[in-house]
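J.: One structure coming up, written as structure tokens, with questions to follow.
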Amino acid sequence: MTEEVESVDVAIVGAGPVGMALALALIDSPYRILLIDSRRRGSWAGDPRALALSHGTRQLLAGVGAWNAGDATPIDTIHVSQKGGFGRTLIDAADYDIPSLGYVLRYRDLAGSLDARCETVQRLDQCTIGGIAIGRDTAEISLRSGDTTRRVAARLVVHAEGTPGDDADVRVHDYRQHAVVAEVRPLPAHGRRAWERFTPDGPVALLPLGQDYAVVFTVPSAQAGGLLCLDDDAFLAALRAQFAGRLDFIASGPRSSFPLALRCRRELVAARQVWIGNAAQSLHPVSGQGFNLGLRDAWELAEALRTATGRDPGEASLLSSYARGRQLDRQGSMVFTDGIVRIFSNDLAPLRVARGLSLLALDLLPPLRHFVAKRMIWGARAWP
């Protein structure tokens, strides 16, 4: 008996926020879309992570009908400084004629908004991929769900399944750092201000979330366990010390940690396949660029496919054009975040002075500050 093969135009592997955003961006197109995920639907409901979204990302989410302002805390200003050195700068939304520089919300809230909009999207959950066979006209995906197997023939396979494991096509740079994350209650209130504090051990970010701050406390990997084992009072004291006592905190929630690395797929496209979001690249969390870059991947791919309506979505020239178009944004974001980590995560005196002068220049030279801020807000769309 011949096993039946289901045919679709675009199979999106990974139903996280980036994969769902792509599905929504294509929902009114002529393409037959299939969303595939290895997890059960709604598995994100208990995910406590906080995401920092730029104003540009808010615009993209609004464009697919998935922006819920009630879940988000606006960032009106960002204070940037370094520990143990001079120089600081303040980035203010009022300088860019936008309501806020960005927003902070929980991963589960964003995933819930996107999932609610995906009700009409065909999807397969709790399926693992056994293999992908590339043919001339389609890529055939072998799927397993428990004891059941099925095959899907797609003209284009979009990989949006998140950070890749061991893969020869992915370059990895281990920062030998861990991010310790928690939520703390500030005193006084945060006033919608985010903080980015550079220290010799790594950056410390405070992101306003409701009445609290979502903390991303970067330390050398060997020190992460010690921070996790501290009682709440000792952890808050360690956090205060990073800001030289300028900020105060009165309560802390549970802590967790994760290792930090730069992962970059060498090629974004292959025969009838394309990689987006963390499947294409995962960045250090400094400056909060990773998810915003991934969502721009999805948006630009959707634009390329919409423009090519009537053509084969897996056509090599179409995919190559998409990859070339993403190069500036992708490389710029990776170089920017990687450069910040390498330059600021040390205590060499000459670099400390150079960092101070750079922060001072950003503060005293508005055109330079605006150049940096606009690219953080809109990515490559802000480039002349």
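Quick note: the coordinates plus some simple rules give every number you see, no bench work behind them. Predicted model only: the values in this text are computed from it and were never measured. Cβ: placed from backbone, ideal geometry, glycine included. Neighbour counts: every protein chain shown.
J.: In deg cm²/dmol, rounded to 500, what helix-only [θ] at 222 nm does the chain give when every DSSP H run of at least 4 residues adds -39500 (n - 2.57) and the total is split over its residues? If you can, show how the numbers build up before the last one.
T.: Values: 9 runs with 125 residues, N = 384.
Per the formula, -10500 deg cm²/dmol.
J.: Go through the stretch 112-127 residue by residue and turn each phi into a ³J(HN,Hα) via Karplus (6.51, -1.76, 1.60, θ = phi - 60°); whole Hz please, and just put x for glycine and proline.
T.: x, 5, 5, 4, 4, 7, 8, 4, 8, 7, 5, 8, 10, 10, 6, 10
J.: Return the long-range amide H neighbours of Ala153 (sequence gap of 5 or more, or a different chain), with a cut-off of under 5 Å between placed amide H atoms.
T.: When sequence neighbours closer than 5 places are left aside, the close amide H contacts are Glu6, Ser7, Val8, Ile141.
J.: Would you order Val372, Val184 from fewest to most other beta-carbon atoms within 10 Å of each residue's own beta-carbon?
T.: Values: Val372 15, Val184 24.
The fewest-first ordering by Cβ neighbours comes to Val372, Val184.
J.: Right, another one. Please compute the net charge surrounding Thr138, taking Lys and Arg as +1 and Asp and Glu as -1 over other residues with Cβ under 14 Å from its Cβ.
T.: Here the count lands on -1.
J.: Per residue of the stretch 33-47, what does 6.51 cos²θ - 1.76 cosθ + 1.60 with θ = phi - 60° give for ³J(HN,Hα)? Whole Hz please, x for Gly and Pro, Karplus curve as stated.
T.: In residue order, the calculated couplings are 10, 10, 9, 10, 9, 7, 9, 6, 5, x, 5, 7, 4, x, 7 Hz.
J.: Suppose R0 equals 51 Å. What FRET efficiency, 1/(1 + (r/R0)^6) with r the Cβ-Cβ distance, do Arg192 and Gln331 give to the nearest 0.05? Display every interim value, and only then the final one.
T.: On the way: r = 32 Å, r/R0 = 0.62.
Approximately 0.95, to the nearest 0.05.
J.: Mind listing which GluC sites (Glu not before Pro) in the stretch 89-161 are in a DSSP loop and have 11 or fewer other Cβ atoms within 10 Å?
T.: Values: sites: Glu119, Glu140, Glu161; in loops: Glu119, Glu161.
For GluC sites (Glu not before Pro) across the stretch 89-161 that sit outside H, G, I, E and B with at most 11 neighbouring Cβ atoms in 10 Å, the list reads Glu119.
J.: Kindly provide the Kirkwood hydrodynamic radius of the stretch 112-153 in Å, to one decimal, from all pairs of distinct alpha carbon atoms. Each step should come with its number before you reach the end.
T.: Values: mean 1/r = 0.0835 Å⁻¹.
Roughly 12.0 Å, rounded to one decimal.
J.: Can you say what percent of the DSSP beta bridges in the chain, counting only those with both residues inside, are antiparallel? Round to 5.
T.: Numbers: 62 of 86 bridges.
About 70 percent, rounded to the nearest 5.
J.: Of all the C-alpha pairs in the stretch 188-250, what % are more than 15 Å from each other?
T.: Summing the P(r) of the stretch 188-250 above 15 Å gives 52 percent of all pairs.
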